[in-house]
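Enquirer: The following block contains the structure, expressed as structure tokens.
The values are calculated or read from the model by the stated rules, or taken from the named source; none is laboratory data. Just so you know, these numbers come straight off a predicted model, no measurement behind them. Here the Cβ is made from the backbone with ideal geometry for all residues, glycine too, and neighbour counts use every protein chain on show. Note: accessible area is taken over every heavy atom of the protein model, side chains too, but ligands, DNA and RNA are not part of it. Shrake-Rupley method; radii C 1.70, N 1.55, O 1.52, S 1.80 Å.
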Amino acid sequence: MKNDDTIPITVEFSGGLEMLFSNDRKHSLSMPAKDEDGTLSNIAYLVRYLCDSVMKDPRKDLFVLDGTVRPGILVLINEADWELEGEDKYEIKNGDNILFVSTLHGG
Amino acid sequence: MKNDDTIPITVEFSGGLEMLFSNDRKHSLSMPAKDEDGTLSNIAYLVRYLCDSVMKDPRKDLFVLDGTVRPGILVLINEADWELEGEDKYEIKNGDNILFVSTLHGG
Amino acid sequence: PPGRRWPLDAVEYRRYGRQLIMPEVGLQGQLRLKNAAVLIIGMGGLGCPAAAYLAGAGVGTIGLVDGDVVEESNLHRQILHSTARVGMTKVESAMVALNSLNPNVKLVSHTTRLSPETALSTMQPYDLVLDCTDNPASRYLISDTCVLLGKTLVSASALRTDGQLMVLNNPPMPPGSTSGGPCYRCVFPKPPPPESVVSCGDGGILGPVVGIMGVLQALEAIKVLTRNSNPSIPETPPDPPSLLIFSAYSSPMFRSIRLRTRKAKCAACSAQASVTPEALNSGSLDYVQFCGVINPVDAL
Amino acid sequence: PPGRRWPLDAVEYRRYGRQLIMPEVGLQGQLRLKNAAVLIIGMGGLGCPAAAYLAGAGVGTIGLVDGDVVEESNLHRQILHSTARVGMTKVESAMVALNSLNPNVKLVSHTTRLSPETALSTMQPYDLVLDCTDNPASRYLISDTCVLLGKTLVSASALRTDGQLMVLNNPPMPPGSTSGGPCYRCVFPKPPPPESVVSCGDGGILGPVVGIMGVLQALEAIKVLTRNSNPSIPETPPDPPSLLIFSAYSSPMFRSIRLRTRKAKCAACSAQASVTPEALNSGSLDYVQFCGVINPVDAL
Ligand SMILES: [Zn+2]
Ligand SMILES: [Zn+2]
């Protein structure tokens, strides 16, 4: 696998997070297969990649805090809580669906 | 492929049809890969197979009429109307999800 | 005149502020709702919550059709009615509740059952129709009339622990146009055998199940009425036809199913349609006969 | 005494007949509902429809908690209130409507906001709790109290065009038991930064969106209360923990997400919990401080 290989994935945003991503709820992306260190891309790298290369909104702190997804955002890997899948160490696979959901509090 | 090969599929019933099938909404089945004539199994054969081998309720006419699914039942192949997939000539594939939905009229 | 400067009254800004500030509605969307007339057919378990949320949202004119009176056995799910109004017509009872929620909505009462002879004239003045009825004959009649009049139809149904929702004839193109959305007959060309049809009276119904379906009808109606009203959001076509299936005791509870487009030989919406205004008005289309007589014995 | 022969009155058979005849409810389920006490915290866009359908279903005792009064801007979505009752407390206004729908339900009013000092004593008499509030501090407080008291919590929220629903602490095992369902802190160990929190007042809300979530709360409550009440249906364990996500303008509109089980180090429900009745009663748990102060500027 060459270093510039990419993986096609779907990234979705819900609960208001889509407003940080050009108001688009569903993004079909090709992300690098390996991170800066040549390690296979995991969720932690995806979050950095989204922040650096996809997010145009300057309010990065509404998405990341202390290098990871901020509190109040659920990360769902193929319809399951990322806690079931190894959290940010989960290695991203071809065709994965990663959903970021901001918790709502209104009623 | 031998004649007694089987295909694993999931068959689901909704809208009250589950009452005809032991009150079970979801059936994991292994159905014959070929029909009585040795042709690859399609939905028409699945309906016959369900009637003959799965359905214990004697009220067959609440499921089939004139050799096919009775009016008022939608057949959905992998979450799409069977009309999009070739209706009862659709050839069943490994792992297919076939959903039979009886229309409801209450309000 | 001062009224010209602001398209809505101060009272309306206050009452609808929480939906006005959303880009999906906005001022133009609110004006669309205010200028819209929606007909709700059936003031039972579906029609009650649908009417409540449409009146709340400020739909300008709401027509209510029902020939029944309120019974005590309705009240576990028909939340617009009340114990004191048992015996009153459902339409009158609903009007009391809707008027107290939002007196700015014009309510039009139709206290008889829809029939083939009255359907065209009853439905003609409205922009959008909600089918909240409880039997196949009404469902075919309402869909056929919507096709003939070119109106989008939000159709829902519920029984026991299950519900179904479809937005039909969306967009509402004339019969023969292939770019219109499918109608009820496209999806169900033939009526179900009468012995397979069960009413909520016979089969039972869980209140919140039919309630969820009714609120979803109000939502779909608001979406259709306000679609592409915001000039700063790119225009989008209507959603592709789909059937939402709800099942309270399944996991997941909701499933969305892709539906077919218009059927090339549909009796109502195709170029070869046999359902015409003349046939409807003449009474030659006997929907009760077409759907058969319901026999509750052995019904599913 | 003749009352012994029939566990329900004739009036109750008539009123609840449509749900009584369903195997999922049945006579035993109806008796469970009648003997149940449910606390609804928040009588806004979620609490109104939830209360209507629980009262309709015949839940014997319903407690209502809210410190606010009805405002005109509430009425597009808070369908139990009315224009004439603007200015009345939301709890009193809801009681008028619920009483007229079903006078057989005992209503208990709590016309103040829940606080750490009052939460345990307020929630203790109830079997099940619905979180229909609108801010993170209340959500943590309610979840913590449910864990301490061993009550299942049906939690929902809505904003703009989106909604979320979870059934937490189900089954409601004591802190430290790994067979209990996860609590709110298991799913969200840390509160969101205050600048990321938006209320319906600031962000807007579409009425039917919050309405659907509220009716779903009533449904989940009925499912929890009547589960395994029918001796002729095999017993089933509670559904595995999941989050239902609703998005009115997405396709599909509903998604179900599998959630984690209890978190081994949860501050509320684990063996190492720091949230205790003493800490709660003493006021040493400052939920407002924990969640930070909301600054609507730049809020998401
Ligand atoms: Zn058609
Ligand atoms: Zn916990």
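Enquirer: Does the range D:281-299 contain at least one residue that is within 9 Å of chain C (Cβ to nearest Cβ) and out of contact with any Ser or Thr (no Cβ under 7 Å at 6 or more places or on another chain)? Walk me through it before giving the result.
Expert: Filtering the range D:281-299 for residues within 9 Å of chain C (Cβ to nearest Cβ) gives none.
No - not one qualifying residue is present in the range D:281-299.
Enquirer: For the range D:241-271, give me each residue that is surrounded by fewer than 20 Cβ atoms within 10 Å (Cβ to Cβ), within 16 Å of ligand 2 (Cβ to nearest atom) and facing another protein chain (nearest Cβ under 7 Å).
Expert: Correct list: D:R260 only.
Enquirer: Could you say whether any residue in the range C:226-234 is in a loop (DSSP other than H, G, I, E, B), open to solvent by less than 70 Å² (accessible area, probe 1.4 Å) and touching a Cys at 6+ places or on another chain (Cβ under 7 Å)?
Expert: No, because not a single residue in the range C:226-234 is in a loop (DSSP other than H, G, I, E, B), open to solvent by less than 70 Å² (accessible area, probe 1.4 Å) and touching a Cys at 6+ places or on another chain (Cβ under 7 Å).
Enquirer: Then there's this: Considering every residue within the range C:243-261, establish whether at least one is of a type in the set (A, V, I, L, M, F, W, C), within 16 Å of ligand 1 (Cβ to nearest atom), closer than 23 Å to C:S115 by Cβ and under 22 Å from the mean Cα position of the chain (by Cα).
Expert: Going through the range C:243-261, the residues of a type in the set (A, V, I, L, M, F, W, C) turn out to be C:243-246, C:248, C:253-254, C:257, C:259.
Now narrow it down to the ones that are within 16 Å of ligand 1 (Cβ to nearest atom): C:243, C:259.
Within this subset, residues satisfying the condition of being closer than 23 Å to C:S115 by Cβ are none.
No, because not a single residue in the range C:243-261 is of a type in the set (A, V, I, L, M, F, W, C), within 16 Å of ligand 1 (Cβ to nearest atom), closer than 23 Å to C:S115 by Cβ and under 22 Å from the mean Cα position of the chain (by Cα).
Enquirer: Can you find, within the range C:199-240, the residue that is farthest from the other protein chains (Cβ to nearest Cβ) among those that are at pLDDT 95 or above and touching a Pro at 6+ places or on another chain (Cβ under 6 Å)?
Expert: The residue in question is C:G214.
Enquirer: Let me ask something else. Which one of the conditions (1) within 29 Å of C:P172 (Cβ to Cβ); (2) within 14 Å of chain B (Cβ to nearest Cβ); (3) away from ligand 1 (no atom under 16 Å from the Cβ); (4) not charged (D, E, K, R) does C:S73 fail to meet, given that it meets all the rest?
Expert: Answer for C:S73: the failing condition is (1).
Enquirer: So which residues in the range C:162-213 are closer than 29 Å to B:T68 by Cα, hydrophobic (A, V, I, L, M, F, W, C) and within 16 Å of ligand 1 (Cβ to nearest atom)?
Expert: Hits for the range C:162-213 are C:M166, C:V167, C:L168, C:C183, C:C186, C:V187, C:F188.
Enquirer: Give the range C:164-198 a look and list any residue that's facing chain B (nearest Cβ under 7 Å), within 21 Å of the chain's Cα centre (by Cα) and surrounded by 24 or more Cβ atoms within 10 Å (Cβ to Cβ), or say none.
Expert: Selection gives C:Q164, C:V197.
Enquirer: Moving on. Listed residues B:V75, B:V47; which is within 12 Å of the chain's Cα centre (by Cα) and either among the polar types (S, T, N, Q) or within 30 Å of C:V154 (Cα to Cα) (or both)?
Expert: Details: B:V47 fails: either among the polar types (S, T, N, Q) or within 30 Å of C:V154 (Cα to Cα) (or both).
Exactly one residue qualifies, and that residue is B:V75.
Enquirer: Would you mention how many residues in the range B:68-107 are open to solvent by 20 Å² or more (accessible area, probe 1.4 Å), closer than 19 Å to C:K265 by Cβ and touching a helix residue (DSSP H, G or I) at 6+ places or on another chain (Cβ under 8 Å)?
Expert: The total comes to 5.
Enquirer: Kindly list, by first and then second residue, each pair from a residue in the range C:271-288 that is within 14 Å of ligand 1 (Cβ to nearest atom) to a residue that is open to solvent by 80 Å² or more (accessible area, probe 1.4 Å) and charged (D, E, K, R), limited to pairs with Cβ atoms under 7 Å and residues at least 6 apart or on different chains.
Expert: Partner pairs satisfying both residue conditions: C:Q272/C:K265.
Enquirer: Then there's this: Quick check on my filter: what residues within the range D:117-145 are farther than 17 Å from D:C291 by Cα and touching a Cys at 6+ places or on another chain (Cβ under 6 Å)?
Expert: Of everything in the range D:117-145, just one residue is farther than 17 Å from D:C291 by Cα and touching a Cys at 6+ places or on another chain (Cβ under 6 Å), namely D:V129.
Enquirer: Follow-up. Return the residue satisfying two criteria in turn: it lies in the range A:83-107 and is closer than 15 Å to D:I245 by Cβ and of a type outside the set (G, A, S), and of such residues it is farthest from the chain's Cα centre (by Cα).
Expert: Of the residues in the range A:83-107, the ones closer than 15 Å to D:I245 by Cβ are A:97-106.
After this cut, where a residue has to be of a type outside the set (G, A, S) as well, the list is A:97-101, A:103-105.
On the way: A:N97: 10, A:I98: 6, A:L99: 7, A:F100: 7, A:V101: 10, A:T103: 16, A:L104: 19, A:H105: 22 Å.
Within the range A:83-107, the match that is farthest from the chain's Cα centre (by Cα) is A:H105.
Enquirer: Let me ask you something else. Between D:L101, D:L153, D:L114, which is more than 9 Å from every other protein chain (Cβ to nearest Cβ) and out of contact with any Cys (no Cβ under 8 Å at 6 or more places or on another chain)? Spell out how you get there, then give the answer.
Expert: On the way: D:L101 fails: more than 9 Å from every other protein chain (Cβ to nearest Cβ); D:L153 fails: out of contact with any Cys (no Cβ under 8 Å at 6 or more places or on another chain).
When all the criteria are applied, what remains is D:L114.
Enquirer: Is it the case, given these coordinates, that D:F254 is closer than 22 Å to C:L243 by Cα and not β-branched (V, I, T)? Spell out the reasoning first.
Expert: Values: closer than 22 Å to C:L243 by Cα: yes; not β-branched (V, I, T): yes.
The answer is yes for D:F254.
Enquirer: Sticking with this structure for a sec: I'm trying to understand the selection: among the residues of the range D:125-149, which are open to solvent by 10 Å² or more (accessible area, probe 1.4 Å) and within 11 Å of the chain's Cα centre (by Cα)?
Expert: Result: D:T133, single match.
Enquirer: Could you please let me know if B:K60 is away from every other protein chain (no Cβ under 14 Å), at pLDDT below 95 and more than 12 Å from the chain's Cα centre (by Cα)?
Expert: Values: away from every other protein chain (no Cβ under 14 Å): no; at pLDDT below 95: yes; more than 12 Å from the chain's Cα centre (by Cα): yes.
No.
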